[in-house]
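To keep things clear, I will list the structure first and then write my remarks on it.
The values are calculated or read from the model by the stated rules, or taken from the named source; none is laboratory data. Note that this is a predicted model, so its numbers are computed, not measured. Because the Cβ atoms are built from the backbone with ideal geometry, glycine has one as well, and the counts that use them run over all protein chains shown.
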Amino acid sequence: MTLALLLLALAGCKDRSQVDENTPLRFWNGFSGPDGQTMKKIVEGYNAGHKDGSFEMQIIPWNTYYDKVTLGMAFGGAPDVFIMQVSRLPQYADAHALEPIDSFFGESGLKPADFVDVPFKSGFWKGKQYGLPLDCWPLTLYYNKKLFREAGIDHPPTNLQEFLEDAHKLTKKDASGKTVQYGFGFAEIHNNLVSFMDQFGANIIDEAGKKAILNSPESEKAVNLAKSFFTTEGIAPEPQTNSWDNFKTGRAAMVMQGIYMIADLQDHSNIEFGAAPVPFFGPKKAVWAGSHMLCMPKGLPEARKKKAWAFMKYLSDNSIKWAAAGQCPVRLDALNSPEFKLLEGQYQSARQLSYVQYEPQSPVIGQVTGFADAAWEGILMNGEASGPSLATSARRIDALLGRK
């Protein structure tokens, strides 16, 4: 058992029923960028109307966030409400470290039909609800409107053919033959490759979480297509290049990154950018996405649980305010509101919500995706053959799942 799993097991056994009611209510998250200021204002709005149950918000950088959450659960000092990225939820729920919220949800007046389907269902583990989805962050196509106009392109690409045609028009060389502008760049290998996989009907592990399927023919097609962009097609640099910075400086005309990155572009007024759904590179309608889940630790005193739920529901009820930080709401009333349509980038990204695909639910998904990342990086960055590299990672994943 790893140290993290051992601590989670301790967290599941921790008795919090004797928490002093005078202890301030606490809300932890990892929103260390501009999104943190947006959340701070929402929390202040809640506290203004709940003097007897106000929350103190603490921001912890994501790179140390889960360590602190786990230690707090295991040894005391855990928050009453905390943000959990959806991929992490099975690990904590499987260790009995999270409080089921089924009864609170059922009594709240909220219904499953009030939410986008995939984010809502992803808050469940083994038939119990542990997370209330606050948002969804789909992979999004960002494109340089100025460069598109100069190339005579009047809309962002929607499929592989349009993408390749546009990317070739947008790739430019100088007199010496050196490429000075690329049509596309890989801003992040992981979320880009998961989307390619999803669109080809491939995945890392099966739905039951018992077996690796990373080395399927569909997986190989997906990764080889991505590789062709900087080999045979010549429309992108190799992934070692910082393509996000290239996009911000006009050296790459298109990138794909989560909608949460829109604030970074908005901070650079020299970029005339647009946001659009990711093109369909494969035969299946799918796109990588994730969510921030609102959770509470197992075993809080009943009075604190009720206050924690009231706070969680308030954040959900006000998710239109949170959308401005660079997220897509998953509450349909917010998603269909006039206010959301004014957030052009988020609104365009949200057109994908009916077919978002989350990574497989598994308590060991972090380790599983680590093996997949190693294969993809080896193929795209080190020139490894796709078949043997995917097969090696699949064997390692099977060995891991066999130990589970």
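Look at segment 244-265 and say how many of its residues are touching a residue at least 12 places away in the same chain (Cβ under 8 Å) and over 19 Å from the mean Cα position of the chain (by Cα).
Final tally of qualifying residues: 8.
So, in segment 392-402, of the ones that are small (G, A, S) and surrounded by fewer than 17 Cβ atoms within 10 Å (Cβ to Cβ), which residue ends up nearest to L225 (Cα to Cα)?
Going through the qualifying residues, I end up with A399.
Is it the case that some residue within segment 169-178 is at negative phi, touching an Asp or Glu at 6+ places or on another chain (Cβ under 6 Å), modelled with pLDDT of 95 or more and not charged (D, E, K, R)?
No.
Collect the residues in segment 330-366 that are more than 22 Å from T140 (Cβ to Cβ) and surrounded by fewer than 18 Cβ atoms within 10 Å (Cβ to Cβ), keeping them in residue-number order.
Those that are more than 22 Å from T140 (Cβ to Cβ) and surrounded by fewer than 18 Cβ atoms within 10 Å (Cβ to Cβ): D333, G366.
Can you tell which of S219, S195, S176 is out of contact with any Pro (no Cβ under 8 Å at 6 or more places or on another chain), among the hydroxyl-bearing types (S, T, Y) and loosely packed, with under 14 Cβ neighbours inside 10 Å?
S176
Being touching a residue at least 24 places away in the same chain (Cβ under 8 Å) and either within 17 Å of the chain's Cα centre (by Cα) or buried (at least 17 other Cβ atoms within 10 Å of the Cβ) (or both) narrows it down to one residue among G326, G387; which is it?
Step by step, each of G326, G387 is checked, and only G326 is touching a residue at least 24 places away in the same chain (Cβ under 8 Å) and either within 17 Å of the chain's Cα centre (by Cα) or buried (at least 17 other Cβ atoms within 10 Å of the Cβ) (or both).
Here is a yes/no grid of residues against (1) among the aliphatic types (A, V, I, L, M); (2) more than 25 Å from A324 (Cα to Cα):
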site	(1), (2)
P90	no, yes
A93	yes, yes
E99	no, yes
G106	no, yes
V118	yes, no
Q129	no, yes
L141	yes, no
N144	no, no
G152	no, yes
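Please list, ordered by first then second residue, the pairs with beta carbon atoms under 7 Å, 6 or more apart or interchain, first in segment 82-107 and touching a residue at least 40 places away in the same chain (Cβ under 8 Å) and at negative phi, second among the basic types (K, R) and assigned to a helix (DSSP H, G or I).
E99/K305
Considering only segment 40-131, give the helices (runs of 4 or more DSSP H) lying wholly within it that have at least 2 residues that are surrounded by fewer than 19 Cβ atoms within 10 Å (Cβ to Cβ), among the polar types (S, T, N, Q) and out of contact with any helix residue (DSSP H, G or I) (no Cβ under 7 Å at 6 or more places or on another chain).
Those helices (runs of 4 or more DSSP H) span 62-75.
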